[in-house]
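Everything on this sheet refers to the single structure shown next.
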Amino acid sequence: MSRSIRTSMLELRGLTSANTSAKPAPERMNQLKSLIREIEDYPKPGIRFYDITTLLKHPSGLRAVIDALRVHFAGNGIDRVVGIEARGFIFAPAVAYALSAGFVPMRKPKKLPAPVERVEYALEYGTDAVEVHRDSIEPGQNVLIVDDVLATGGTAAAAAKLVEKLGGHVAGLSFVIELDALKGRDKLPGYDVQTLLRY
Ligand code: AMP
């Protein structure tokens, strides 16, 4: 085990106290950064990939992240937590469980078996789309959207639009990581956007 990871484990012990309604201190959130592996030029040259698997395997790191993702929206009457494929599926069900809400998978096209709604969004080259089952969210329900990384914000903006297409109310969006330089937040005006770690 590397020295920095061992140090973080000791420091993080204080992060997951029994009082999980308290907001985690920003300096403690920053300790979590040492658990995220940064990989240069993946999946293609010029991209720095933020690999969360090193955080996920860390017991108190994982607990701290789930506690922090839920804490801002606790008491907001969240009915559904939407996880965006694929890495949103890792965090959203745990957040839903912690908020006593239901979990809804938002998937890439043609993965869901029952009737769906779809929203398309622009990529650098071409378009992509997200889909959810039509019966996964009811009109008026309070919905929290969760993903691992807010990068350009294209996926998250499409996710919010899709929830609204079903009549849901987007109570907020929660991300583990925000990449400031890509200005994803600008694509989400008027929404309550919470991110734990900013780069
Ligand atoms: P975007 O639509 O540009 O905000 O991209 C969002 C999705 O792409 C997120 O769900 C992330 O899983 C993934 N992603 C984008 N950039 C990165 C990155 N540098 N490191 C890790 N994941 C990324």
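The values are calculated or read from the model by the stated rules, or taken from the named source; none is laboratory data. Note that the structure is predicted; figures quoted are calculated from it, not measured. All Cβ positions, glycine included, derive from the backbone under ideal geometry; neighbour counts span all protein chains shown.
Phe89 versus (1) at pLDDT 95 or above; (2) more than 30 Å from Glu117 (Cα to Cα): which is the lone unmet condition?
With respect to (1) at pLDDT 95 or above; (2) more than 30 Å from Glu117 (Cα to Cα), Phe89 is out only on (2).
Between a residue in segment 177-199 that is over 14 Å from Thr152 (Cα atoms) and at pLDDT 95 or above and any residue that is part of a loop (DSSP other than H, G, I, E, B) and aromatic (Phe, Trp, Tyr), which pairs come within a Cβ distance under 8 Å, given they are 6 or more apart or on different chains?
Every condition considered, the pairs that remain are Gln194/Phe73.
Within segment 99-113, which residues are in contact with a helix residue (DSSP H, G or I) (Cβ under 7 Å, 6 or more places away or on another chain) and either surrounded by fewer than 18 Cβ atoms within 10 Å (Cβ to Cβ) or not aliphatic (A, V, I, L, M) (or both)?
Going residue by residue through segment 99-113, those that are in contact with a helix residue (DSSP H, G or I) (Cβ under 7 Å, 6 or more places away or on another chain) are 99, 102-106.
Gly102, Phe103, Pro105 - these are the residues of segment 99-113 that are in contact with a helix residue (DSSP H, G or I) (Cβ under 7 Å, 6 or more places away or on another chain) and either surrounded by fewer than 18 Cβ atoms within 10 Å (Cβ to Cβ) or not aliphatic (A, V, I, L, M) (or both).
Consider segment 39-93. How many of its residues are under 20 Å from Gln194 (Cα atoms), in a loop (DSSP other than H, G, I, E, B) and away from the ligand (no atom under 16 Å from the Cβ)? Break it down stepwise before answering.
Step one: list which residues in segment 39-93 are under 20 Å from Gln194 (Cα atoms), which gives 50-52, 55-56, 61-93.
Now narrow it down to the ones that are in a loop (DSSP other than H, G, I, E, B): 52, 72-79, 85-87.
Checking which are away from the ligand (no atom under 16 Å from the Cβ) leaves us with 72-79.
Going through segment 39-93 one residue at a time, the tally reaches 8.
Return the residues of segment 161-178 that are more than 12 Å from the ligand (Cβ to nearest atom) and surrounded by 17 or more Cβ atoms within 10 Å (Cβ to Cβ); say none if nothing qualifies.
Going through segment 161-178, the residues more than 12 Å from the ligand (Cβ to nearest atom) turn out to be 161-172, 174.
Within segment 161-178, Leu162, Val163, Leu166, Gly168, Val170, Ala171, Gly172, Ser174 qualify.
Looking at segment 65-81, I want the residues that are under 19 Å from Met106 (Cβ atoms) and have a partner that is crowded, with 19+ Cβ neighbours inside 10 Å and among the β-branched types (Val, Ile, Thr) with Cβ atoms under 6 Å, at least 6 apart or on another chain. Which pairs are those?
If the second residue must be crowded, with 19+ Cβ neighbours inside 10 Å and among the β-branched types (Val, Ile, Thr), the pairs left are Leu69/Val95; Arg70/Val95; Arg80/Val104; Arg80/Ile137; Arg80/Val143; Val81/Val95; Val81/Val146.
If you check every pair at least six apart or on different chains, which have Cβ atoms under 9 Å apart with a residue in segment 30-59 that is at pLDDT 95 or above and aromatic (Phe, Trp, Tyr) first and a residue that is surrounded by fewer than 17 Cβ atoms within 10 Å (Cβ to Cβ) and assigned to a loop (DSSP other than H, G, I, E, B) second?
Phe49/Asp41; Phe49/Tyr42; Phe49/Pro43; Tyr50/Tyr199
Are any residues in segment 144-155 near the ligand (Cβ under 6 Å from one of its atoms) and within 21 Å of Asp79 (Cα to Cα), and if so, which ones?
First, the residues of segment 144-155 that are near the ligand (Cβ under 6 Å from one of its atoms): 147-155.
Within segment 144-155, Asp147, Asp148 meet the criteria.
Residues that are touching a residue at least 60 places away in the same chain (Cβ under 8 Å) and not charged (D, E, K, R): does segment 123-137 have at least one? Outline the logic, then answer.
The first filter runs over segment 123-137 and keeps only residues touching a residue at least 60 places away in the same chain (Cβ under 8 Å), leaving none.
No: segment 123-137 contains no residue that is touching a residue at least 60 places away in the same chain (Cβ under 8 Å) and not charged (D, E, K, R).
Considering only residues that are within 14 Å of the chain's Cα centre (by Cα) and among the acidic types (Asp, Glu), which ones fall in segment 131-172?
Within segment 131-172, Asp147, Asp148 qualify.
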